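Since the structure comes first, as structure tokens, the remarks are kept for the end.
Please treat every number below as a calculation from the coordinates, not as lab data. Just so it is clear, the structure is predicted and the values come from calculations on it, not from any experiment. Neighbour counts run over all protein chains shown; Cβ positions are idealised from the backbone, glycine included.
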Amino acid sequence: MEYRYSQQNSPNNEQPLSQGLQGQDLLNDLYMDMFLQHLLADQQIRLLREAIDVALDERDEEAFKRFTKELIQLQDTLIDEE
């Protein structure tokens, strides 16, 4: 029985290594995107909570309802994505 190297096993073939690196780059990009989305969502939640506090301090019922509704929608969206 004769043993032959496949392209993947060939020591002179760099294609599988480059494909692995491209896959790693894609994975890194996905993780970075998820991380940035998480930071953005955290910041939006913090800003909405601050706006709700201001609306309460100023006894602005309409602003309170609007910001509370936005916060609930954002949190529901984040839960649906998980």
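Close amide-amide hydrogen proximity is noted between Asp60 and no other residue 5 or more places distant or on a separate chain, at a cut-off under 5 Å (H modeled in the peptide plane; Pro and chain starts excluded).
Taking a sphere under 14 Å around the Cβ of Ile52 and counting the other residues whose Cβ falls inside, with K and R at +1 and D and E at -1, yields a net charge of -2.
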